[in-house]
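A short write-up of the structure that comes next.
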């Protein structure tokens with residue numbers, strides 16, 4: 001993390017306790033479940049990574065995302081390690097999140113929203129993807145009020161490192177067997193999304209529906 005948006009410095013943080021979201025046991029409030037099922041937003045994966053991370057950087061006045069982090073994470077995205085989830089409405093990007101996938105772990109970095117519940121909806125779609133693909137650890141780094149509604153909890157550093165070691169060697173892929181990258185470029189993306197988007201090109205709603213059903217059955 002950078003000390004602030006204008007800083008050229010990047011610091012490493014190793015907190016005594018770590019925030020973790022349960023994947024199979026994510027708590028999705030009933031009102032949010034209804035919002036997800038209404039499909040107000042078109043959800044895509046890895047369509048416009050740089051715009052998402054810049055949206056996260058500009059979403060708050062006090063941010064740790066500086067230009068160096070934007071450049072580094074965008075490079076990691078091109079290498080296949082960093083991923084994002086986007087929410088679109090009327091062809092406009094209105095919410096998103098990004099993070100890193102390594103083995104069976106996903107490290108959530110930041111999210112933003114300019115429309116009601118957009119960031120919450122993309123989080124549900126993210127966890128549904130992780131659930132289907134076989135990920136076992138969703139690291140949120142810290143615990144905050146926004147994540148408490150989803151059942152985030154904290155674990156000591158030692159326990160976190162033990163769990164991380166067990167899943168880093170797991171061979172799972174963040175990418176779906178469906179193609180989310182059929183749009184030719186981010187510059188034409190908004191126009192492409194202004195019309196109907198097939199489930200093959202966007203987040204497969206069947207996967208999200210199955211995920212919501214699974215957590216309802218176990219709650």
Subset tally (residues that are in a helix (DSSP H, G or I), modelled with pLDDT of 95 or more and in contact with a strand residue (DSSP E or B) (Cβ under 8 Å, 6 or more places away or on another chain)) for segment 129-154: 2
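Matching residues to (1) part of a loop (DSSP other than H, G, I, E, B); (2) in contact (Cβ under 8 Å) with a residue 40 or more places away in the chain; (3) touching a strand residue (DSSP E or B) at 6+ places or on another chain (Cβ under 8 Å):
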| position | (1), (2), (3) |
| --- | --- |
| 10 | yes, yes, no |
| 15 | yes, yes, yes |
| 20 | no, yes, yes |
| 32 | no, yes, no |
| 35 | no, yes, no |
| 44 | no, yes, yes |
| 47 | yes, yes, yes |
| 51 | no, yes, yes |
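Restricted to segment 43-65, and to residues that are touching a helix residue (DSSP H, G or I) at 6+ places or on another chain (Cβ under 8 Å) and closer than 21 Å to residue 11 by Cβ, which residue is surrounded by the most Cβ atoms within 10 Å (Cβ to Cβ)?
53
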Condition met for residue 69 (in a loop (DSSP other than H, G, I, E, B), at pLDDT below 95 and either over 15 Å from the mean Cα position of the chain (by Cα) or farther than 23 Å from residue 128 by Cβ (or both)): no
Selection count where residues are part of a loop (DSSP other than H, G, I, E, B) and more than 16 Å from residue 47 (Cα to Cα), scope segment 91-128: 6
Any hit, segment 67-85, residues being within 24 Å of residue 206 (Cα to Cα) and in contact (Cβ under 8 Å) with a residue 60 or more places away in the chain: yes
Hey, residue 104 surrounded by fewer than 19 Cβ atoms within 10 Å (Cβ to Cβ) and over 23 Å from residue 3 (Cα atoms) or not: no
Failed item, numbered, when residue 132 is tested on (1) closer than 20 Å to residue 214 by Cα; (2) in contact with a helix residue (DSSP H, G or I) (Cβ under 7 Å, 6 or more places away or on another chain); (3) buried (at least 21 other Cβ atoms within 10 Å of the Cβ): (3)
Among the candidates 34, 39, residue that is on the phi > 0 side of the Ramachandran plot and surrounded by fewer than 15 Cβ atoms within 10 Å (Cβ to Cβ): 39
Qualifying residue in segment 194-204 (condition: surrounded by 12 or more Cβ atoms within 10 Å (Cβ to Cβ), modelled with pLDDT under 80 and within 19 Å of residue 26 (Cα to Cα)): yes
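The values are calculated or read from the model by the stated rules, or taken from the named source; none is laboratory data. Note that the coordinates shown come from a computational prediction; the quantities given were computed from them, not determined experimentally. Positions of Cβ are backbone-derived with ideal geometry, glycine not excepted, and every protein chain shown enters the neighbour counts.
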